[in-house]
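K.L.:
Structure incoming, see below.
We did not get these values from a lab; they are worked out from the coordinates using the rules stated. Worth saying up front: this structure is predicted, and the values here are computed from it rather than measured. Backbone-built Cβ (ideal geometry, glycine too); neighbour counts: all protein chains shown.
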């Protein structure tokens, strides 16, 4: 029986190996930071040169601003973000019991606005939402990414992984074809990197602005000429979940700078 | 919500060469881009940056459309006396921002 089980497992592994490439071994994982030129690394390292800090500062003032019909600010419930928000970004996306599905940090901020501040949601990718997200995520800087291990969440992580492995679009590429198989190569002069989202929201020099992880994902999906997904769609949140599980144990760098 | 990030050493010895770093939040829209409908996006840039050290102008820069968003300007000066650096950014559409930093010189 045990022998049969072993053979069966080997067969499953072989089938999986044939269908999709292997994930990057834990000890070979590298943050996107390590692919950058030293000049760009210097920008991220110096808080007075890192343009992402402008959004963090904006987020800090938004944190204290009262909003919505309830007339409450974030700090009225959560008080000092330095302590209350420490480690939060390291475990998001997280499972929301009421909705019965995973939500990312941006969605949590908007849920908080709806449920507790009775305020209208802030538009995805707007300056205010990026600022609040960056401010909250920055409180976890240096902490190891520790994905939420809730059992209800695991099917969604698996769906995110399927998305990552699936070939799609006119170019018929899966995320894994670049980010697992060819991360050590270049694409049009740019490093491919390993799809480990350690610094989001990031200040991307190409954007000349801050951007969320979903903005980056949508860029990639456009790149493979596949049908894109809306900001906040379940597919993108599941992909975020899987990417964070890939990056488990790596330190948060928010606000990251990328070329 | 414009904001500035300033990095000036808090202390310096008299005669030291010190580096001053400034970062200003601004979109720096060039005026050369078009919308999908073909309309020109109007220019909106910072045009001038000045730094005064105890009232005396020590650095000035004119900025143009080719400069990236959130301009990061750094320069060096000699620490002569304790006092205050005043920074001012002026730009299109009445943009005007000020910031300051103090230094103690021994």
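K.L.:
Per DSSP H run of at least 4 residues, take -39500 (n - 2.57); add these up for the protein assembly as shown, divide by its residues and hand me the 222 nm value, nearest 500 deg cm²/dmol.
P.N.:
So the helix-based figure for the protein assembly as shown works out to -8500 deg cm²/dmol.
K.L.:
Residues of B:68-76, mean number of Cβ from any other protein chain within 10 Å of their own Cβ, rounded to a whole number?
P.N.:
Details: counts 3, 6, 8, 1, 6, 0, 2, 0, 0.
For this peptide, the per-residue mean of nearby foreign Cβ atoms is 3.
K.L.:
Sort A:77, A:112 so that the residue with the fewest other Cβ atoms within 10 Å of its own Cβ comes first and the one with the most comes last. Before the final figure, lay out each step's value.
P.N.:
Working: A:77 12, A:112 16.
Ranking A:77, A:112 by Cβ neighbours within 10 Å, fewest first, gives A:77, A:112.
K.L.:
From the Cα gyration tensor of the stretch A:119-258, with a ≥ b ≥ c the square roots of its eigenvalues, which class applies: rounded if a/c is under 1.5, or else prolate if a/b is larger than b/c, or else oblate?
P.N.:
rounded
K.L.:
A follow-up question, please. In whole angstrom, note down how far apart the Cα centers of the stretch B:32-69 and the stretch B:74-106 are.
P.N.:
Taking the Cα centre of each part, the stretch B:32-69 and the stretch B:74-106 sit 17 Å apart.
K.L.:
For the pair residue B:16 and residue A:48, how long in nm is the line joining their label points, each one 7 Å along Cα→Cβ?
P.N.:
With each label placed 7 Å out from Cα toward Cβ, I get 1.1 nm.
K.L.:
Let me ask something else. Determine which residues of the stretch B:79-106 fall in the zone a paramagnetic label at residue B:54 would reach in this model, i.e. backbone nitrogen under 16 Å from the point 7 Å along Cα→Cβ.
P.N.:
What the label zone holds, given the 16 Å backbone N cut-off, is B:79-86, B:101-106.
K.L.:
Next question, about the same structure. If neighbour count is taken as other Cβ atoms inside 10 Å, put A:116, B:34 in order from fewest to most.
P.N.:
B:34, A:116
K.L.:
Further, regarding this structure: Considering only C-alpha atoms, what is the centroid distance from the stretch A:54-102 to the stretch A:123-195, in Å?
P.N.:
22 Å
K.L.:
For the stretch A:52-138, divide the Cα radius of gyration by the Kirkwood radius and give the resulting Rg/Rh value with two decimals.
P.N.:
Using Cα coordinates only, the ratio equals 0.93.
K.L.:
Same structure again: Does the protein assembly as shown classify as rounded, prolate or oblate by the C-alpha gyration tensor (a ≥ b ≥ c root eigenvalues; a/c under 1.5 gives rounded; else a/b over b/c gives prolate, otherwise oblate)?
P.N.:
Prolate.
K.L.:
Let me ask another. Tilt of helix A:2-19 relative to the longest C-alpha principal axis of chain A, in degrees (0 to 90, nearest 10)?
P.N.:
70 degrees
K.L.:
Report the label-to-label distance for residue A:220 and residue A:120 in nanometres (one decimal), using points 7 Å from each Cα along the Cα→Cβ vector.
P.N.:
Each label point is offset 7 Å from its Cα along the Cβ direction, giving 3.3 nm.
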